[in-house]
Amino acid sequence: MTETTSIEQFGSSRVKRGLADMMKGGVIMDVVTAAQARIAEDAGAVAVMALERVPADIRSQGGVARMSDPDLIDSIIAEVSIPVMAKARIGHFVEAQVLQALGVDYIDESEVLSPADYVNHIDKWKFDVPFVCGATNLGEALRRINEGAAMIRSKGEAGTGDVSEAMKHIRTIKGEIGRLSSLSKDELYVAAKDLQAPYELVVEIAATGKLPVVLFVAGGVATPADAALMMQLGADGVFVGSGIFKSGNPQARANAIVKAVTFYDDPSVIASVSRGLGEAMVGINVSDLPAPHRLSERGW
Amino acid sequence: MTVGVLALQGDFREHAQVLRTLGADVVLVRRPEELARVDGLVIPGGESSVMDKLARAFGLADPLRAAVRAGLPVYGTCAGLIMLADTVVDGIRGQESIGGLDISVRRNAFGSQTQSFETDLDVPVLGEAPVHAVFIRAPVVDTVGPQATALARLADGRCVAVEQGRLLGTSFHPEITGEHRFHEYFLSTVAAARFLG
């Protein structure tokens, strides 16, 4: 057998988007300690999001929310062997540089933290580490992909346990993709203008009927049925933030949500895993949140 | 020819798409009764610890072991290679594999995602043209036992593709690069196995 001498290419789009492909059909869980990361890995999380406070606490405690302490991220990377993600503030490219240097597997440029730049997002092409970004609609998703995002998550409304915004955002994105597919070629110029998105990406989506990157759902998923709902609406997987570790029995709930995502189309499995989970997170109705407290309106 | 793709988690749709393009009837396998219908099985890329956990929770792990023992052709990519390895190094606490390949596989052998890469590989069994291979937090085969045969190695000599009878495994992901030769090779094994029983 001959041996190869060819060059290895790091940080390519294929490699970045590929890791998200491998997470499909899975659950990514927010964790704030190494002990929680251990519970998440044991429960079958495909990745963990390492952060200092879950969105529900960021919401209730207020103040500026920033990238987590490197020691915390190190301790979580040391604890688990599944991929570790961490959040940088929107536009804060130095936090992203730090997270890349720490060896995280994915960076979430996240509206859950306080934005550092109200004009520009991070130029994500400059990094070898891949980025996931939030979006509430197709135009926003395409602008993030144009900046180099290798994975999109619909935003929902983090830290509420109210799935209605997640529902709105995934339905909006899927609906807009469907609409593009029905347009004729000469209508795509105006569609790109209306979406405020690059024409080439709009043409690609009209042809393929899907985003060129993996689409997860986030923001308000608190029960196995919520997770299965998002999967039936066409999500590739789910992020669960406050929903697990703000519930009565995190271990059981994490286990149950993992199973519900795999068997999202089988109500008998969802029923059986939904039993005996204890209290779900208490939550807040999004309609009771005053507009300045809605995280999904951060980012553009 | 009916080929299953283990659909507990991971990029099973990409494998299903390649197999359909090559003319196979594809069944997504999450339950023992679905496994019973297939002439061959692909175990996709994904998170091996999650697949292991779900396979055990839903009563699929033992039927998978029995099917491998009975001679079912199986092709595993990345996490799928880990699932087929007799020995897993650096698994999560309590992680089990299906086994069948006389190899020892190291999980996340290259480190974090920034160490993921793509490169060209010589795979003599597939012909002269190199295989463009994508390694994503990939495993490598630490030890190739006497029953198994290495099909490809990196420039540094580490083994990243193996075969043993009707079992095939790669550290990398032909399903996301448009490389169909591994799937064609596997389907020829499935066809031969159907003929021989």
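The values are calculated or read from the model by the stated rules, or taken from the named source; none is laboratory data. On a predicted model such as this, the values are computed, not experimentally measured, just so you know. Glycine also receives a Cβ, built like all others from the backbone with ideal geometry; neighbour counts cover every protein chain displayed. When the accessible area is computed, the model is the full protein with side chains, heavy atoms only, and any ligands, DNA or RNA have been set aside. Shrake-Rupley method; radii C 1.70, N 1.55, O 1.52, S 1.80 Å.
Looking at the stretch B:35-141, the trypsin sites (Lys or Arg not before Pro) that sit in a DSSP loop and have at most 16 other Cβ atoms within 10 Å of their own Cβ are B:Arg37, B:Arg93. Of the residues making up the stretch B:8-32, those losing 50 Å² or more of accessible area when the isolated chain is joined by the remaining protein chains, with a 1.4 Å probe, are B:Gln9, B:Arg30, B:Arg31. Karplus-derived 3J(HN,Hα) values for the stretch A:202-214, using 6.51 cos²θ - 1.76 cosθ + 1.60 with θ = phi - 60°, are 4, 4, 4, 6, 4, 6, 8, x, 7, 5, x, 10, 5 Hz; glycine and proline are entered as x. Around the amide H of B:Val123, modelled in the peptide plane, lie the amide H atoms of B:Val131, all under 5 Å away and 5 or more residues distant in sequence or on another chain.
Classify the stretch A:71-127 as rounded, prolate or oblate, taking a ≥ b ≥ c as the square roots of the eigenvalues of its Cα gyration tensor: rounded when a/c is under 1.5, otherwise prolate if a/b is larger than b/c and oblate if not. In terms of gyration-tensor shape, prolate.
When chain A is modelled as a GNM with alpha-carbon springs shorter than 10 Å, which of A:Ser12, A:Ser184, A:Ser247 fluctuates the most? In the Gaussian network model the winner is A:Ser184. 3J(HN,Hα) along the stretch A:245-256: 7, 9, 9, x, 9, x, 4, 5, 5, 4, 4, 5 Hz, from the Karplus curve 6.51 cos²θ - 1.76 cosθ + 1.60 with θ = phi - 60°, whole Hz, x for Gly and Pro. Taking all protein chains as shown and a probe of 1.4 angstrom, A:Ser164 keeps an accessible surface of around 60 Å². Working note: Cα gyration tensor of the stretch B:1-97, eigenvalues times five, square-rooted, sorted largest first, giving semi-axes of 21, 14, 12 Å.
Global size of chain B: 15.1, 45 Å for Rg and Dmax (C-alpha atoms, Rg to one decimal, Dmax whole).
Given the stretch B:2-196, what percent of its DSSP beta bridges are antiparallel, to the nearest 5? If you can, show how the numbers build up before the last one.
Details: 18 of 37 bridges.
Restricted to the stretch B:2-196, the bridges split so that about 50 percent are antiparallel.
Close amide-amide hydrogen proximity is noted between B:Gly4 and B:Val27, B:Asp39, B:Gly40, B:Leu41, B:Val42, each under 5 Å apart and 5 or more residues distant or on a separate chain (H modeled in the peptide plane; Pro and chain starts excluded). Between chain A and chain B, the total buried accessible area stands at approximately 3900 Å², from heavy atoms with a 1.4 Å probe. Averaging Cα coordinates gives a centre for the stretch A:59-73 and one for the stretch B:51-65; these two points are 39 Å apart. Residues of the stretch A:65-108 that bury at least 40 Å² of accessible area when the other protein chains are present, relative to the chain alone (probe 1.4 Å, heavy atoms, ligands and nucleic acids excluded): A:Ser81, A:Asp105.
Taking only Cα atoms and a 10 Å spring cutoff, compute GNM fluctuations for chain A and point out the largest among A:Ala65, A:Ala271, A:Ala86. Answer for the Gaussian network model of chain A: A:Ala271.
The residues of the protein assembly as shown expose on average 37 square angstrom of accessible surface per residue, using a 1.4 Å probe on protein heavy atoms.
Distance cut-off 23 Å, Cα to Cα: go down the list A:Lys87/A:Lys193; A:Lys124/B:Lys53; A:Lys87/A:Lys246 and report the pairs above it. If you can, show how the numbers build up before the last one.
Values: A:Lys87/A:Lys193 30 Å; A:Lys124/B:Lys53 34 Å; A:Lys87/A:Lys246 19 Å.
Long pairs (Cα-Cα over 23 Å): A:Lys87/A:Lys193; A:Lys124/B:Lys53.
Computed over the Cα atoms of the protein assembly as shown, the ratio of the radius of gyration to the Kirkwood radius (Rg/Rh) comes to 0.96.
Its relative contact order, with pairs defined as Cα atoms under 8 Å and 6+ residues apart, puts chain A at 19 percent. Overall, the accessible surface of the stretch B:2-196 at a probe of 1.4 angstrom is composed of carbon and sulfur to the extent of 47 percent.
Excluding the sites themselves, what is the longest stretch of chain B that contains no GluC sites (Glu not before Pro) in a DSSP loop with at most 16 other C-beta atoms within 10 Å?
With a cap of 16 other Cβ atoms within 10 Å, the longest stretch comes to B:1-95.
Close amide H pairs (under 5 Å, H built 1.01 Å from N) link B:Ala109 with B:Ala138, B:Val140, residues at least 5 positions away or on another chain. Which whole-number percentage describes the relative contact order of the stretch B:2-196, with Cα contacts under 8 Å and a sequence gap of 6 or more? 18 percent. The phi torsions of the stretch A:184-191, fed into the Karplus equation with coefficients 6.51, -1.76 and 1.60 and a -60° offset, translate into couplings of 7, 4, 6, 7, 6, 5, 5, 4 Hz, rounded to whole numbers, with Gly and Pro shown as x.
Interface burial in the stretch B:162-197 reaches 40 Å² or more for B:Ile176, comparing the full protein assembly with the chain by itself; accessible area from heavy atoms with a 1.4 Å probe. Taking label positions 7 Å along the Cα-Cβ direction at both A:Asp74 and A:Val282, the computed distance is 3.7 nm, reported to one decimal.
Carbon-plus-sulfur fraction of the accessible area of chain A, 1.4 Å probe, in percent? Mind showing how you got there, number by number?
Values: 5780 of 11360 Å².
Carbon and sulfur: 51 percent of the exposed surface of chain A.
Accessible surface for A:Asp74 stands near 70 Å², nearest 10, in the context of the full protein assembly shown (1.4 Å probe).
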